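Some notes on the structure that comes next.
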Amino acid sequence: MNPHFRDVAIPNDWDRSGLPGWAYHSDALLELEKEHLFRTHWQIAGHVSDVPNPGDYLTMDVVGERALIVRGKDGIVRGFHNLCRHRGSRVVADNQGHCANALVCPFHGWVYNLDGTLRGAARPRSFPELDKTEFGLKPLDLEIWMGFIFIRFRDGGPQPAVADLLKPIEAEFAPYRAAEMVPSWGIWTQKSPVNWKSVRDVDNEGYHVAMAHPALQDLYGSTYYDEPFINGVSRSFATYNPHAGRRWSVRNYVRIAPQPDYLPDAQKKAWIYYGLFPNAVIAVTPESVQFYQEFPLSTGETLLRGAIYRYADESREQAAARYLAFRIDRDTMAEDVQLSVWSNESMLSEAFAGFYMSDLEYGVRTHHDHLRQQLPVLSLEAQPAEKDMEALNAALLSRV
Ligand code: FES
Ligand SMILES: [Fe+2]
């Protein structure tokens, strides 16, 4: 695919059984997942165009943490814990918004500059002198890649810088000029009544496309293929079927979708999905770029979140294609939610005896391998006692 070679060959002999069923309904494991996956790995908060002007902000409440992204007067996008240094209130309450000059905490009115430093406490003479930096908002690791804002709730973490992590897809992704795009319909969220891993398991393979996604099958079923997760990144690629168009949305999409000059020929009719371990996908089509991700709310409920971005100067054809692609995706997502429910339900049944996966589901396996590397308790077929989960995982980690 590019000079950063990835060996995507599937071994002849591999364990096709997936994670143990208990992993989908253990509260103790969920706590470990929050800490060792969600808080320590890069998470997409949004895109620079979600906070285009100084004072624009965006928040994200996930896995017991609250992120605040705000563009400063100097134009720099920064990330903070959305947590007042006085008594921990949210500093901004809305998901998205604009503040003219400063962030004013709604609890007692402490005021923060847009760069996170404390401007002042309310009734300052009731406090000793407050250091403006020491009492500033706590910063988050933040990195911008091709316009996408990545944050990390814990400093450091097991992953390299986002630019290094995503090097293997950089050359292919760069021509879309994603950094120049603007929001289509804003950031969406939806709840799904399953474990977050069931969402990811469904999304990590295209074996089900032919049976379960009639629109995608019509659009690109004959060309679709998945590459496994390697160093935290997977890739799926498809181009339009030569005879696409049995369905109205697909027929019209293929007819009007742009084939932009700035894309290499191989990508002019391609939909490409990049899986980012542990819980996100960035997807490109010739007329748009999107991200989607999932965060656990409990072992049995997941927050789905994402957004689609478009060209600021898009043509009528591009806009129409983007709308049709959205319709295809919307149908696909509803189908995937149903599939993940059925798969997830089985994990509670005595009859569940593990997966038995096709070579076409090797992406699921490699995602699970990445999970096992962070959480070696997942290699245990029998469910450990909930109270022992953390210590057992720590002991297994210290052995590797
Ligand atoms: S908690 Fe923010 S001002 Fe008191
Ligand atoms: Fe699907």
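Structure values in brief
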item: Charge dipole of the chain about the Cα centre (unit charges at C-beta), most positive-ward option of Ala266, Leu142, Ile169; result: Leu142
item: Rel. contact order, % - alpha carbon contacts under 8 angstrom, at least six apart, the range 1-133; result: 13
item: Sites Glu390 and Asp94, calculated FRET efficiency, Cβ-Cβ separation with R0 35 Å, nearest 0.05; result: 0.50
item: Förster radius 45 Å - calculated FRET efficiency between Asn101 and Arg372, Cβ distance, rounded to 0.05; result: 0.40
item: Leading residue at positive end of dipole, the range 235-369 (Cβ point charges), from Leu324, Ala334, Gln290; result: Leu324
item: Dipole magnitude of the range 290-400, debye to nearest 20 (Cβ charges: Lys/Arg +1, Asp/Glu -1, about Cα centre); result: 340
item: Extended-chain gain in nm, criterion 0.36 nm per residue less alpha-carbon gap, Glu350 and Arg125; result: 74.5 nm
item: Mean separation of Cα contacts under 8 Å, 6 or more apart, over the residue count of the chain: relative contact order %; result: 21
item: CD proxy at 222 nm, helix term only [per DSSP H run n ≥ 4: -39500 (n - 2.57); per residue of the chain; nearest 500]; result: -7500 deg cm²/dmol
item: Among Gly363, Phe237, Asn82 - extreme Cα towards positive end, dipole of the chain, charges at beta-carbon; result: Asn82
item: Lys pairs, the chain - Cα-Cα below 28 angstrom, 8 or more residues apart or on other chains; result: 11
item: Efficiency of FRET from Cβ geometry, Ala266 and Tyr323, R₀ 22 Å, rounded to 0.05; result: 0.30
item: Rounded to the nearest 20 debye, dipole of the chain from Cβ charges on Lys, Arg, Asp, Glu; result: 1280
item: Computed over the range 158-253: relative contact order in percent, which uses C-alpha pairs under 8 Å that are six or more apart; result: 20
item: Cα-projected label distance for Glu180 with Asp15, points at 7 Å along beta-carbon direction, nm; result: 4.8
item: Kyte-Doolittle mean at least -1.0 and Cα axial length at least 30 Å: DSSP H helices in the chain; result: 316-346
item: The range 42-156 - charge dipole about Cα centre, Lys and Arg +1 at Cβ, Asp and Glu -1, debye rounded to 20; result: 420
item: Spin-label pair Asp27/Ile144, simplified geometry with 7 Å Cα→Cβ offset, distance in nm; result: 4.2
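Read the figures in this text as sums done on the coordinates, not as results from a lab. Just so it is clear, the model here is predicted, and its values are computed rather than measured. Virtual Cβ from ideal backbone geometry, glycine too; neighbours counted across all protein chains shown.
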